[in-house]
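Presented below is the structure to which this report refers.
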Amino acid sequence: MATQKIYIHEFEAQDYEVIALHTSLEDSRLAFHLNQQLEVLLARTQEDLHIQIKEGSTGLSRFEFYDESRFITWHLVQNKSEVITETQGPGVLFATLTNDVATSVYLLPEHKKVDYILKIDNLENDIDLEEVVRKISEIEWVSMAYRIDKNKLKSKHNLIF
């Protein structure tokens, strides 16, 4: 089976934008409100975005919409999740004590307070990004939405999906 290498400079050349969303909404409710505000059709993908760390693995929910008329792909991805591991320690007498330890995992670790990431691929000048951010901010349950400077991202390789 042939392997394909993707170099980071190839990804940097691609035209995409990243918007950070702060909200307490569940992923499906957020996608519903984004669909209404932005007139897109974000739908849950078959598979989550899997992240593997030494404590275990977890999946980040992902929604996607491909706009065929403008050739733009919209991705809504959960930024944080938890890996829960069981640890056993000595208990009283002959019993063992079991504790659950949660480890947080982030798609963009430098933006730990961000709940969701909206990545827009193949973005041309036909979409006003400031207008997109304004429309997202109008959603009652979104406390904050803003653009992330992709040139300052240290973990931009996590956005390749």
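The values are calculated or read from the model by the stated rules, or taken from the named source; none is laboratory data. Since we're looking at a predicted model, the values are computed, not measured. So basically every Cβ, Gly included, is an ideal-geometry build from the backbone, and we count neighbours across all protein chains shown. Note: areas computed on protein heavy atoms with side chains; ligands, DNA, RNA excluded. Shrake-Rupley method; radii C 1.70, N 1.55, O 1.52, S 1.80 Å.
Karplus-based coupling profile of region 102-107, in residue order and whole Hz: 9, 10, 7, 10, 10, 5, with θ = phi - 60° in 6.51 cos²θ - 1.76 cosθ + 1.60 and x standing for Gly or Pro. What residues of region 38-64 lie in the reach of a label at Thr85, counting those whose backbone N is under 11 Å from a point 7 Å from the Cα along Cα→Cβ? Zone members listed by number: 53-57. Annotation: amide H-H contacts under 5 Å for Ile148 (H modelled 1.01 Å from N, sequence separation of 5 or more, or interchain): Val18, Ile19, Ala20. Heavy-atom accessible area with a 1.4 Å probe sorts His33, His75, largest first, into His33, His75.
For the set Thr58, Thr87, solvent exposure ranked by accessible area (probe 1.4 Å, protein chains only) runs largest to smallest as Thr87, Thr58.
For region 11-60, the dipole from Cβ point charges (+1 on Lys and Arg, -1 on Asp and Glu) about the Cα centre works out to 200 debye, to the nearest 20.
Sorted largest first by accessible area at a 1.4 angstrom probe radius, with every protein chain in place, the residues Asp126, Asp27 fall in the order Asp126, Asp27. As a fraction of the 1.4 Å probe accessible area of region 113-161, surface on carbon and sulfur atoms comes out at 46 percent.
Across region 32-48, rounded Karplus estimates of 3J(HN,Hα) from the backbone phi angles (6.51 cos²θ - 1.76 cosθ + 1.60, θ = phi - 60°) give 4, 5, 5, 4, 5, 6, 9, 6, 10, 10, 5, 10, 5, 7, 4, 10, 6 Hz, Gly and Pro being marked x. To the nearest 10, the accessible area of Tyr66 is 110 Å² with a 1.4 Å probe. Excluding ligands, DNA and RNA, the accessible surface per residue across region 23-161 is 62 Å² with a 1.4 Å probe.
Each label was represented as a point 7 Å from its Cα along the Cα-to-Cβ direction; for Phe71 and Gln37 these points are 2.9 nm apart.
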